[in-house]
Amino acid sequence: MGRIIAFLYGLVCYTIFLVTFLYAIGFVSGLVVPKSIDSAPTAPLGVALLTNAVLLAVFALQHSVMARQGFKRVWTKIVPKAVERSTYVLAASSALILLFWKWEPIGHVIWDVRSPPARMLLQALSFAGWTTVLISTFLIDHFDLFGLRQVFLHLRGKPYTPPAFTARGWYGYVRHPIYLGFIVAFWATPTMTIAHLVFVVATTGYILIAIQLEERDMVRFHGARYEAYREQVSMLVPKPPKKAATNPLHG
């Protein structure tokens with residue numbers, strides 16, 4: 001694949017991700033988009049539950065399998081290394097677009113907060129979760145995470161080097177602020193329907209499993225440094241890091 005083509009491909013994949021991310025906010029919050037997670041039901045309960053379960057499973061499998069190092073070693077024999085991350089981002093965005101498109105709302109309100117100040121507070125908390133997700137990507141390396149750095153280095157003819165492990169900002173207080181942001185964004189809703197509950201329970205369960213897989217890869221890649229970080233910093237509940245003889249959080 002030519003360098004310019006690879007770079008343009010990475011830009012397209014990133015743009016699709018960005019639009020998908022913005023659509024996801026509207027989908028979960030019930031704002032602007034034509035069909036949200038809490039729209040009026042259009043299918044029988046059994047069909048809706050089965051459809052939504054399949055859609056969530058597709059995303060979970062794509063996200064987990066393609067992120068594993070063993071898969072990447074095989075995958076990069078087919079896909080050029082420079083666009084491997086961009087292709088992952090495109091696949092993840094496609095799985096989400098499929099979910100948005102085929103999602104079956106269920107209705108049946110579990111809770112509905114009617115107080116305007118309380119509704120505004122929950123909506124603000126949800127947006128704070130989304131903001132946490134976005135800021136957290138920049139605290140590590142946003143453009144590497146979504147494949148742009150790889151294709152840019154390839155365009156310039158420079159070898160790719162993975163970002164150094166650091167714990168900037170609130171990564172010094174919680175190991176997985178991106179996942180924490182998603183949990184807050186999904187759960188903080190003034191109106192909770194059955195479909196929304198299915199979504200947040202499934203995604204929260206997936207996050208807890210994904211953390212274990214991700215941390216296993218991090219230990220393999222960064223070794224004792226990440227193990228020390230894991231001992232000092234909380235997984236999902238922000239709190240001051242534990243003191244240690246040596247501090248692995250910076251440098």
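Please treat every number below as a calculation from the coordinates, not as lab data. The model shown is predicted, which means the values in this text are computed figures rather than measured ones. Here Cβ is always computed from backbone atoms with ideal geometry, including for glycine, and neighbour counts include all displayed protein chains.
Find how many whole Å separate the alpha carbon centroid of segment 202-236 from the alpha carbon centroid of segment 14-49.
Each part reduced to its Cα centre gives a spacing of 29 Å.
Viscosity 1.002 mPa s, temperature 20 °C: Stokes-Einstein D of the chain from its Kirkwood Cα radius, in µm² per second?
Rounded, D is 109 µm²/s.
Rounded to a whole number, what is D in µm²/s for segment 56-115 from Stokes-Einstein with the Kirkwood radius over alpha-carbon pairs (10 °C, 1.306 mPa s)?
This corresponds to a translational diffusion coefficient of 115 µm²/s.
Normalised by the number of residues in segment 3-232, what is the relative contact order in percent for Cα pairs under 8 Å and 6+ residues apart?
28 percent
Tell me the angle of helix 3-29 to the major Cα principal axis of the chain, expressed in degrees between 0 and 90 and rounded to the nearest ten.
Helix 3-29 and the main axis of the chain meet at about 30 degrees.
List ARG168, ARG149, ARG114 from most exposed to least, where exposure is judged by having the fewest other Cβ atoms within 10 Å.
ARG114, ARG168, ARG149
Hey, fewest Cβ within 10 Å first, where do ILE135, ILE4, ILE78 land in order?
Least to most surrounded, the residues fall as ILE78, ILE4, ILE135.
Jot down the radius of gyration and Dmax of segment 100-148, Cα atoms only, both in angstrom.
Rg then Dmax for segment 100-148, in Å: 16.4, 44.
On C-alpha positions alone, give me the angle between the axis of helix 194-222 and the longest principal axis of the chain, in degrees, nearest 10.
Compared with the principal axis, the helix lies near 10 degrees.
Given the options THR131, ALA53, HIS108, identify the residue whose Cα lies farthest towards the positive end of the charge dipole of segment 3-232 (+1 on Cβ of Lys, Arg; -1 on Cβ of Asp, Glu).
Working it through, the farthest residue towards the positive pole turns out to be THR131.
Work from the charge dipole of the chain (Cβ charges, +1 for Lys and Arg, -1 for Asp and Glu, about the Cα centre) and give the residue of ILE178, VAL201, TYR88 farthest towards its positive end.
Ranked along the dipole, the leading option is TYR88.
Once Rh for segment 1-140 is found with the Kirkwood sum over Cα pairs, what is the Stokes-Einstein diffusion coefficient at 20 °C and 1.002 mPa s, in µm²/s?
Translational D for this selection: 123 µm²/s.
What does the charge dipole of the chain about its Cα centre add up to, to the nearest 20 debye, if the Cβ of each Lys and Arg holds +1 and the Cβ of each Asp and Glu holds -1?
780 debye
Over the alpha-carbon set of segment 145-202, divide Rg by the Kirkwood Rh and report the Rg/Rh ratio to two decimals.
For segment 145-202, the value is 1.21.
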